[in-house]
1. Which residue, of Gly160, Gly141, Gly136, is under 20 Å from Ile188 (Cα atoms) and small (Gly, Ala, Ser)?
2. List every residue pair whose Cβ atoms sit under 8 Å apart, with the two residues 6 or more apart in sequence or on different chains, where the first one lies in the range 182-195 and is in contact (Cβ under 8 Å) with a residue 12 or more places away in the chain and the second, anywhere, is open to solvent by 10 Å² or more (accessible area, probe 1.4 Å) and β-branched (Val, Ile, Thr).
3. Would you mention how many residues in the range 59-82 are of a type in the set (D, E, K, R) and over 21 Å from Ser305 (Cα atoms)?
4. Residues being in a loop (DSSP other than H, G, I, E, B), open to solvent by 30 Å² or more (accessible area, probe 1.4 Å) and over 26 Å from Arg350 (Cα atoms): count how many of those fall in the range 278-318.
5. Gln432: touching a strand residue (DSSP E or B) at 6+ places or on another chain (Cβ under 9 Å) and free of Cβ contacts under 8 Å to residues at least 60 places away in the same chain, yes or no?
6. Quick check on the range 124-148: of everything there that is open to solvent by 40 Å² or more (accessible area, probe 1.4 Å) and of a type outside the set (Phe, Trp, Tyr), which residue is modelled with the lowest pLDDT?
7. Within the range 149-187, how many residues are surrounded by fewer than 24 Cβ atoms within 10 Å (Cβ to Cβ) and of a type in the set (Asp, Glu)?
8. Read through the list (1) under 30 Å from Gly319 (Cα atoms); (2) of a type in the set (D, E, K, R); (3) touching a strand residue (DSSP E or B) at 6+ places or on another chain (Cβ under 7 Å), then give the number of the only condition that Arg455 fails.
Amino acid sequence: MTGRRRSSPRPLPRTSATAAAACTAVIASLLAGCGSLPGAASGEKAPVTVMTWAPEGTKTTNMPGMPAMAQAYARWVNSRGGVAGHPLKVLTCNERNDSAQATQCAQRAVDAGAVAVVGSYSQWGRSFMSPLEVAGIPYIGGYGASAEEFASPLSYPVNGGQAALLAGNGRQLAGDCRRVALVRPDTIQGDQMPGLLNAGLSSGHGDGRSGGAGARTGGNGSRAVDIRAPEAGTDYTDQVAAALKAAGAEPAVYGTAKAGGVAPGSCVAASLGDHTDTFFDSFRRLQESRPRVQVGSVLGSVDQSMVNRSGGASGPLEGADVTGWYPVPGDPRWGPMRRVITQEAFDDDRLDPADQGVQTTWIAYTVLSAVIRQLSEAGVPDITAHALQTALDRGEQAVDTGGLTPKLRWRSDDMLAVADLPRIVNADVTYQVVRHGELVAAQQGFVDVGRTLERRPADDG
């Protein structure tokens with residue numbers, strides 16, 4: 001493997017004639033510009049049963065929007081005849097951020113005859129992947145919260161997971177930062193974060209992109225100060241104080257934020273999942289008595305609703321560099337998903353179109369529907385787990401997600417050469433920034449952090 005996508009080129013600009021032709025094609029019907037959504041089909045066939053799981057009602061990270069999106073998608077697609085005539089039956093399971101419960105959810109999928117687990121979230125990859133592997137059930141478009149999602153031959157990720165986000169955020173911050181403090185959960189998953197952020201900082205300083213303070217001066221170079229925090233903390237005052245000190249935000253030198261003081265080149269990155277909100281409550285209070293620093297984070301820890309809650313343009317997240325997997329929520333490419341949410345789940349407050357879990361679930365079901373259609377067109381009468389796995393492995397047709405990701409396929413040639421994460425096929429991220437209280441694109445298009453991940457030492461996160 002060279003680590004490059006040789007067979008999955010990005011969509012190229014089309015002429016009006018080819019665009020019109022594309023709107024008649026099955027997979028290209030996913031594109032918003034075609035004026036249609038995935039799901040239109042004829043003649044009812046045998047139902048296709050799948051499962052989506054995610055944690056709900058826990059003290060740590062919760063993702064209720066993922067099963068909600070799956071259910072809304074099923075209602076929508078079934079109201080239009082199913083997927084290639086197959087009614088879609090979606091089972092859901094509360095994974096509760098618990099290893100035993102993750103195993104139980106996977107076993108429920110096996111017992112129910114599910115042909116795939118789609119668009120789900122769990123940190124407990126070792127617990128859920130083994131039952132799926134024994135039963136031969138593919139795991140399509142998981143959130144990317146566990147390493148096993150990027151190692152199991154039955155996993156088909158649609159994004160680069162935490163690895164891509166942290167490496168991307170490091171590259172994004174590199175242009176402005178020469179001293180970085182990373183606040184992250186004191187968990188096994190959190191232990192991977194410093195090495196990934198450092199890989200991005202190093203890449204950003206050395207690839208000619210940054211040209212900022214971090215590229216010119218020493219400071220702590222391309223390594224962030226690692227600050228551990230309780231995953232379910234209710235107050236992060238101590239961690240905020242440690243981060244500001246490590247970043248070099250000294251009042252005697254730069255003045256205080258309240259008086260307009262700024263510590264140039266000083267940056268604090270925070271990635272604590274749902275508890276990032278609590279962190280920035282503490283951050284706001286301590287920041288006033290210290291010089292203002294640049295803030296960085298990743299989507300999933302920060303989103304538009306959190307920006308709003310923290311004070312919008314006058315809050316601590318104004319100007320923050322935020323890295324995501326997909327286009328910003330206001331991008332027209334999300335139009336089909338938004339229409340489905342409006343039509344099928346208008347009153348469901350679990351569904352936030354700006355949530356990356358909701359977005360990942362939409363993309364995962366887009367993949368599932370496309371592959372089912374491919375099998376139907378090939379004359380396969382029964383949609384089984386084995387049939388899905390075979391079609392995904394062969395990758396005879398790349399899956400077009402309407403520009404929300406590169407075209408996706410999972411052949412061996414499409415895998416990147418990332419140590420410990422061999423199933424990554426999409427290492428693209430987007431750079432976003434909080435500007436006037438709104439998350440907007442910091443630059444157009446995707447940034448490929450595949451080489452950054454490939455060059456990261458295997459033991460460095």
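1. Working: Gly141 fails: under 20 Å from Ile188 (Cα atoms); Gly136 fails: under 20 Å from Ile188 (Cα atoms).
Only one candidate passes the filter, namely Gly160.
2. As it stands, the answer is Leu182/Val225; Leu182/Ile227; Val183/Ile227; Arg184/Ile227, since those pairs meet every condition given.
3. Our first condition is that a residue be of a type in the set (D, E, K, R); within the range 59-82, this holds for 59, 75, 80.
With over 21 Å from Ser305 (Cα atoms) added as a condition, the list becomes 75, 80.
Looking only at that region, the number is 2.
4. To start, the set of residues in the range 278-318 that are in a loop (DSSP other than H, G, I, E, B) comprises 288-291, 300-301, 303, 310-311, 315-318.
Filter again for open to solvent by 30 Å² or more (accessible area, probe 1.4 Å), leaving 288-290, 300, 303, 311, 318.
Keeping just the survivors that are over 26 Å from Arg350 (Cα atoms) gives 288-290.
So the answer is 3.
5. Against the criterion (touching a strand residue (DSSP E or B) at 6+ places or on another chain (Cβ under 9 Å) and free of Cβ contacts under 8 Å to residues at least 60 places away in the same chain), Gln432 does not qualify.
6. First, the residues of the range 124-148 that are open to solvent by 40 Å² or more (accessible area, probe 1.4 Å): 124, 126, 130, 133-135, 147-148.
From what is left, the residues that are of a type outside the set (Phe, Trp, Tyr) are 126, 130, 133-135, 147-148.
Values: Arg126: 95, Ser130: 97, Glu133: 98, Val134: 98, Ala135: 98, Ala147: 92, Glu148: 96.
This residue is Ala147.
7. The qualifying residues number 2.
8. Against the list (1) under 30 Å from Gly319 (Cα atoms); (2) of a type in the set (D, E, K, R); (3) touching a strand residue (DSSP E or B) at 6+ places or on another chain (Cβ under 7 Å), Arg455 comes up short only on (3).
The values are calculated or read from the model by the stated rules, or taken from the named source; none is laboratory data. Please read these numbers as outputs of a predicted model, since none were measured by experiment. Here the Cβ is made from the backbone with ideal geometry for all residues, glycine too, and neighbour counts use every protein chain on show. Remember, those area values only see protein heavy atoms, side chains included, never the ligands or the DNA or RNA. Shrake-Rupley method; radii C 1.70, N 1.55, O 1.52, S 1.80 Å.
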